[in-house]
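Trainee: Before we start, here is the structure in question, set down as structure tokens.
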Amino acid sequence: MELEILEKLKEIRDPEIPIDIVNLGLIYGVQVKDRIAYVDMTLTVPSCPAKGFFAEHIREHLLRNFPQLEDVVINFVFEPAWNRDKISEEGLQKLRSMGWNI
């Protein structure tokens with residue numbers, strides 16, 4: 001189920017960088033235990049104002065799409081810190097196709 005959750009998380013875009021949170025490298029891990037999904041994620045900066053948005057949006061999105069889950073817990077981690085090297089090749093290609101010089 002972890003792989004299916006990762007795929008579903010690709011539907012959530014970062015509000016400032018126009019690619020999804022998986023290809024942006026914000027998702028560090030997903031684990032399902034006892035019908036609860038635990039999502040380890042980071043932010044581009046620890047003080048990101050979208051932290052609350054991400055927590056609620058991810059939780060609602062996964063509960064809506066995986067009715068077998070009882071809850072979703074978002075664990076924000078900042079080690080290792082996010083940097084541009086975390087962006088997947090697919091994410092880099094998308095950004096370049098939109099004119100981002102990255």
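Trainee: If the Cβ limit is 7 Å and pairs must be 6+ apart or interchain, which residue in region 6-24 that is in contact (Cβ under 8 Å) with a residue 40 or more places away in the chain and within 20 Å of GLU60 (Cβ to Cβ) pairs with which residue that is surrounded by 14 or more Cβ atoms within 10 Å (Cβ to Cβ) and small (Gly, Ala, Ser)?
Mentor: Here the result reads LEU24/GLY91, each pair linking region 6-24 to a residue that is surrounded by 14 or more Cβ atoms within 10 Å (Cβ to Cβ) and small (Gly, Ala, Ser).
Trainee: Quick check: anything in region 40-53 of a type in the set (S, T, N, Q) and within 16 Å of LYS8 (Cα to Cα)?
Mentor: We begin by selecting, within region 40-53, every residue of a type in the set (S, T, N, Q); these are 42, 44, 47.
Filter again for within 16 Å of LYS8 (Cα to Cα), leaving none.
Taking every residue of region 40-53 in turn, none turns out to be of a type in the set (S, T, N, Q) and within 16 Å of LYS8 (Cα to Cα).
Trainee: Same structure again: Among the residues of region 1-22, count how many are open to solvent by 10 Å² or more (accessible area, probe 1.4 Å), under 18 Å from ILE102 (Cβ atoms) and either assigned to a loop (DSSP other than H, G, I, E, B) or among the hydrophobic types (A, V, I, L, M, F, W, C) (or both). Write out each step before concluding.
Mentor: Keep residues of region 1-22 that are open to solvent by 10 Å² or more (accessible area, probe 1.4 Å), which gives 1-4, 6-8, 10-11, 13-18, 22.
Filter again for under 18 Å from ILE102 (Cβ atoms), leaving 13-18, 22.
Narrowing the set further to residues that are either assigned to a loop (DSSP other than H, G, I, E, B) or among the hydrophobic types (A, V, I, L, M, F, W, C) (or both) leaves 14-18, 22.
Looking only at that region, the number is 6.
Trainee: Hey, among the residues in region 64-95 that are farther than 15 Å from VAL30 by Cβ and among the aromatic types (Phe, Trp, Tyr), which one's surrounded by the most Cβ atoms within 10 Å (Cβ to Cβ)? Don't jump to the end; show me each part of the working.
Mentor: Taking region 64-95 as the starting set, the residues that turn out to be farther than 15 Å from VAL30 by Cβ are 64, 67, 70, 78-95.
Filter once more, keeping what is among the aromatic types (Phe, Trp, Tyr): 78, 82.
Details: PHE78: 10, TRP82: 20.
Looking at residues that are farther than 15 Å from VAL30 by Cβ and among the aromatic types (Phe, Trp, Tyr), I get TRP82.
Trainee: How many residues are of a type in the set (Val, Ile, Thr) and either in contact with a Gly (Cβ under 7 Å, 6 or more places away or on another chain) or part of a strand (DSSP E or B) (or both) if we restrict to region 37-70?
Mentor: Taking region 37-70 first, the residues of a type in the set (Val, Ile, Thr) are 39, 42, 44-45, 58.
Retained after the next criterion (residues that are either in contact with a Gly (Cβ under 7 Å, 6 or more places away or on another chain) or part of a strand (DSSP E or B) (or both)): 39.
Matching residues across region 37-70 total 1.
The values are calculated or read from the model by the stated rules, or taken from the named source; none is laboratory data. Predicted model, so just to flag it, every value in this text is computed and none were measured. Note: ideal-geometry Cβ built from the backbone for every residue, glycine included; neighbour counts use all protein chains shown. Keep in mind that these areas ignore ligands, DNA and RNA; they rest on the heavy atoms of the full protein, side chains included. Shrake-Rupley method; radii C 1.70, N 1.55, O 1.52, S 1.80 Å.
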